[in-house]
Amino acid sequence: MKNRLISLIFFIIISFASALNGQQAVKSATEVILSGYSVRMFAPGTVSDSDIELILKCGIKAPSARNLQPWWFTVVKDQALLKELMPNITEGNILIIISGREDARWAEYDCGLATQNMYIAAQSLGLGAHIYAGPVESINTSKKEVLGIPSGYRAIMVLRIGHIDKNVDAVSAASPRKSIQETVNFK
Ligand SMILES: Cc1cc2nc3c(=O)[nH]c(=O)nc-3n(C[C@H](O)[C@H](O)[C@H](O)COP(=O)(O)O)c2cc1C
């Protein structure tokens, strides 16, 4: 009886410790921003619909000039389209194309803020993300219709989201930045 009780207590302690270990530590917004980087090596794996919805909500929450919200988000999951837009795509990656209203004065700026919100949101969910301007020209020239981008909008940025390759060391993957001394003045 005593042995059984000891085994039970031991089992509870081990279960509790492994549950804690499995939990993803919650990072503050500043920690997410300062530890973030553009993922260049993704691991295969599906991005869940609930994560995609939360990321989109964070994009839509971005501020915009006169609150015009001059954006349109196209979530691409179709394998053939993904390969066409990004030949080196990893299985399970999604792309979000951020398009802006052509008649809105600050559309590029507003869409940039929405893109950055979603980039940070993806990272805060433990996913990897990368912003691309590269595919935009070809989207606007020949792929708007097949992608369902509404008329009066043009693609401004593409955000790739997927699972992080855990073998990549986040510190060495990060690109260096200029220092405060090189970029700031105080008056
Ligand atoms: C507006 C914008 C356009 C970008 N376009 C591309 C692109 O076409 N291809 C690419 O590989 N990375 C692109 N990037 C990612 C940058 O190269 C990357 O953010 C920068 O080198 C800093 O690296 P880090 O984000 O890993 O710190 C773009 C980033 C921004 C903000």
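Overview of values
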quantity	calculated
When residues of the stretch 145-184 are limited to those that are over 20 Å from ASN88 (Cβ atoms), more than 14 Å from the ligand (Cβ to nearest atom) and touching a residue at least 40 places away in the same chain (Cβ under 8 Å), the one surrounded by the most Cβ atoms within 10 Å (Cβ to Cβ)	TYR153
Members of the stretch 98-128 that are over 28 Å from ARG66 (Cβ atoms) and of a type in the set (A, V, I, L, M, F, W, C)	LEU125, LEU127
Positions within the stretch 118-142 being closer than 21 Å to THR46 by Cα and either within 14 Å of the ligand (Cβ to nearest atom) or in a helix (DSSP H, G or I) (or both), in sequence order	MET118, TYR119, ILE120, ALA121, ALA122, GLN123, SER124, GLY128, ALA129, HIS130, ILE131, TYR132
In the stretch 40-55, residue farthest from ALA155 (Cα to Cα) [restricted to those that are of a type outside the set (Phe, Trp, Tyr) and surrounded by 17 or more Cβ atoms within 10 Å (Cβ to Cβ)]	ALA43
First in the stretch 130-142 and of a type in the set (A, V, I, L, M, F, W, C), second anywhere and away from the ligand (no atom under 12 Å from the Cβ) and in a loop (DSSP other than H, G, I, E, B), Cβ under 8 Å, 6 or more apart	ILE139/ILE149
Conditions (1) under 18 Å from ARG40 (Cβ atoms); (2) surrounded by 14 or more Cβ atoms within 10 Å (Cβ to Cβ); (3) more than 14 Å from the ligand (Cβ to nearest atom); number of the one not met by LEU85	(3)
Test: residue in the stretch 160-168 that is farther than 26 Å from PHE42 by Cα and either touching a Ser or Thr at 6+ places or on another chain (Cβ under 9 Å) or part of a loop (DSSP other than H, G, I, E, B) (or both)	no
Filter result for GLN69 (modelled with pLDDT under 95 and either within 20 Å of the chain's Cα centre (by Cα) or within 16 Å of the ligand (Cβ to nearest atom) (or both))	no
Near pairs, Cβ below 8 angstrom, 6+ apart or cross-chain, from the stretch 14-43 (over 19 Å from ILE131 (Cα atoms)) to any residue that is at pLDDT 95 or above and outside any loop (DSSP other than H, G, I, E, B)	LYS27/SER124
Residue in the stretch 46-55 that is more than 20 Å from LYS166 (Cβ to Cβ) and either basic (Lys, Arg) or in contact with a Pro (Cβ under 7 Å, 6 or more places away or on another chain) (or both) present	no
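The values are calculated or read from the model by the stated rules, or taken from the named source; none is laboratory data. Computed from a prediction, not measured in an experiment: that's the story for all the values here. Cβ sites come from the backbone with ideal geometry, for glycine too, and all protein chains shown count toward neighbours.
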